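The values are calculated or read from the model by the stated rules, or taken from the named source; none is laboratory data. Every value quoted in this text rests on a predicted model; they were computed, and no experiment measured them. With ideal geometry, Cβ positions are generated from the backbone for all residues, glycine too; neighbour counts draw on all protein chains shown.
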Amino acid sequence: MKLTIRSFGWLFYFARFAILLLLSAKSLGQDLRQLAVEKFGDDSHLWFAEPVDTSLSQWVPPNLISDRGIILEWNQQKVVLVRPDAQKETSIVGDYAVRIEPSLSNEAGKNVHRAFCQRDYPSVLSNGRAAVASGLPRWQQRLILAEMVDAASALGKTHDAGLLFASLAKDNPPCLLLSTIPIPWGDDVVAADMFKLQGSAEKWIGEEQEALQLLGASWLLSGKKRTEAVETLETLGRSSKVPIIAAYAKAQLWRTLPPSDLLSDKYPKWIAERDKLLHPLQAGPSMLLAERLAQAGQPALAIPEWLRVSRLHQDREHLASKAMSKSIEALKSLGRNDEAALLEKKNPK
């Protein structure tokens with residue numbers, strides 16, 4: 001083809017047009033990121049897991065996929081973020097987010113999150129509500145609420161934890177935050193304020209949100225509403241489309257069976273149910289499994305489950321510390337004093 005001056009003119013025009021489009025797209029990307037920074041804060045660090053085998057043979061968490069960006073939304077369905085140097089939003093399945101180092105958008109939120117990381121739970125509870133009302137984006141409000149739930153649970157304020165979780169559950173939280181649900185993962189956590197819990201649980205079991213039905217039914221298993229509680233948990237375990245709700249409902253039903261039943265064919269079934277969950281969501285079911293094994297006269301089998309919680313779920317500090325104490329007690333009861341002493345040395349109170 002013969003190129004003329006006119007042809008070169010058209011080529012120059014199209015090249016110039018393409019450059020302008022590229023510069024415009026880059027500018028739009030910068031504008032999007034700048035707007036995101038102003039409203040949502042700086043980059044947060046997220047880790048995602050894929051569904052893999054998490055059986056007893058795995059004593060280290062599975063490999064996680066790391067991502068970083070300004071989070072615009074994080075709910076049960078998706079995480080929406082703007083990655084560094086990206087020119088548009090990216091959407092990722094929210095269920096697979098299993099860990100976060102958040103960048104919060106104001107000082108009130110940052111202070112509460114810092115207190116939570118430092119295990120200053122009284123400060124989390126005293127300042128959390130003000131932080132939630134301080135103009136934080138919705139996903140950051142959910143995060144602070146979940147940290148308040150965990151803080152109340154760690155301080156033994158089970159009824160307060162339930163009330164806080166009720167607020168969280170009504171706002172479509174992701175599975176990682178749902179895992180803070182303050183339900184009994186052992187008979188010893190049936191709180192002293194059970195009278196308050198009883199009245200609230202009767203309300204929660206009738207709510208529309210499945211997470212609240214789970215919360216209410218779990219606390220009503222030991223009361224006059226036991227039949228309704230069992231029916232609710234069976235329905236959730238059978239029909240819920242949210243994996244963590246279904247799995248936790250099935251796990252709570254373990255409390256209705258004699259511990260001796262665990263030594264039949266139920267033990268591998270319970271293990272399989274627990275292992276369907278992503279690794280960070282297994283702390284509670286593992287605690288309950290360990291307790292039932294101990295009640296069945298099998299402390300040697302319970303110890304690995306408690307150690308699993310203490311080693312792999314240190315982000316759930318109140319569960320991890322309790323699991324370590326239970327492990328040490330069980331070792332002593334078996335005459336394995338050297339092992340108990342070693343754990344006490346490595347894990348001073």
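Results, tabulated for the structure shown:
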| quantity | calculated |
| --- | --- |
| Selected residue (only one of 66, 24, 55 is modelled with pLDDT of 85 or more and out of contact with any Gly (no Cβ under 8 Å at 6 or more places or on another chain)) | 66 |
| Filter pass, residue 168 being buried (at least 19 other Cβ atoms within 10 Å of the Cβ) and either over 18 Å from residue 152 (Cα atoms) or among the acidic types (Asp, Glu) (or both) | no |
| Selection status of residue 119, at pLDDT 95 or above and among the charged types (D, E, K, R) | no |
| Some residue of the range 103-112 being in contact with a helix residue (DSSP H, G or I) (Cβ under 7 Å, 6 or more places away or on another chain) and part of a loop (DSSP other than H, G, I, E, B) | yes |
| Residue that is modelled with the lowest pLDDT [pool: residues in the range 215-239 that are more than 18 Å from residue 166 (Cα to Cα) and either among the small types (Gly, Ala, Ser) or in contact with a Gly (Cβ under 6 Å, 6 or more places away or on another chain) (or both)] | 223 |
| Members of the range 287-316 found to be part of a helix (DSSP H, G or I), closer than 30 Å to residue 65 by Cα and either out of contact with any Phe, Trp or Tyr (no Cβ under 8 Å at 6 or more places or on another chain) or without any contact (Cβ under 8 Å) to a residue 12 or more places away in the chain (or both), listed by number | 304, 305, 306, 307, 309, 310 |
| Residue match in the range 199-214 (condition: in contact with a helix residue (DSSP H, G or I) (Cβ under 9 Å, 6 or more places away or on another chain), modelled with pLDDT under 90, surrounded by 21 or more Cβ atoms within 10 Å (Cβ to Cβ) and not β-branched (Val, Ile, Thr)) | no |
| Residue check for residue 138: over 18 Å from residue 100 (Cβ atoms) and of a type in the set (Lys, Arg) | no |
| Pair list, Cβ under 9 Å, 6 or more apart: the range 258-282 residue without any contact (Cβ under 8 Å) to a residue 40 or more places away in the chain, other residue acidic (Asp, Glu) | 259/291 |
| Residues within the range 307-330 that are more than 16 Å from residue 289 (Cβ to Cβ) and among the polar types (S, T, N, Q), tallied | 3 |
| Condition broken by residue 303, with the remaining ones in (1) within 21 Å of residue 182 (Cα to Cα); (2) buried (at least 21 other Cβ atoms within 10 Å of the Cβ); (3) more than 20 Å from the chain's Cα centre (by Cα); (4) among the β-branched types (Val, Ile, Thr) satisfied | (1) |
| Counted residues, the range 84-103 - those being surrounded by 15 or more Cβ atoms within 10 Å (Cβ to Cβ) and under 18 Å from the mean Cα position of the chain (by Cα) | 10 |
| Test: residue 79 is under 27 Å from residue 276 (Cα atoms), surrounded by fewer than 19 Cβ atoms within 10 Å (Cβ to Cβ) and either touching a strand residue (DSSP E or B) at 6+ places or on another chain (Cβ under 9 Å) or at pLDDT 95 or above (or both) | no |
| Single residue of the range 227-244 satisfying the filter (touching a residue at least 24 places away in the same chain (Cβ under 8 Å) and in a helix (DSSP H, G or I)) that is surrounded by the fewest Cβ atoms within 10 Å (Cβ to Cβ) | 243 |
| Lone qualifier among 136, 125 - being without any contact (Cβ under 8 Å) to a residue 40 or more places away in the chain, surrounded by 19 or more Cβ atoms within 10 Å (Cβ to Cβ) and assigned to a loop (DSSP other than H, G, I, E, B) | 136 |
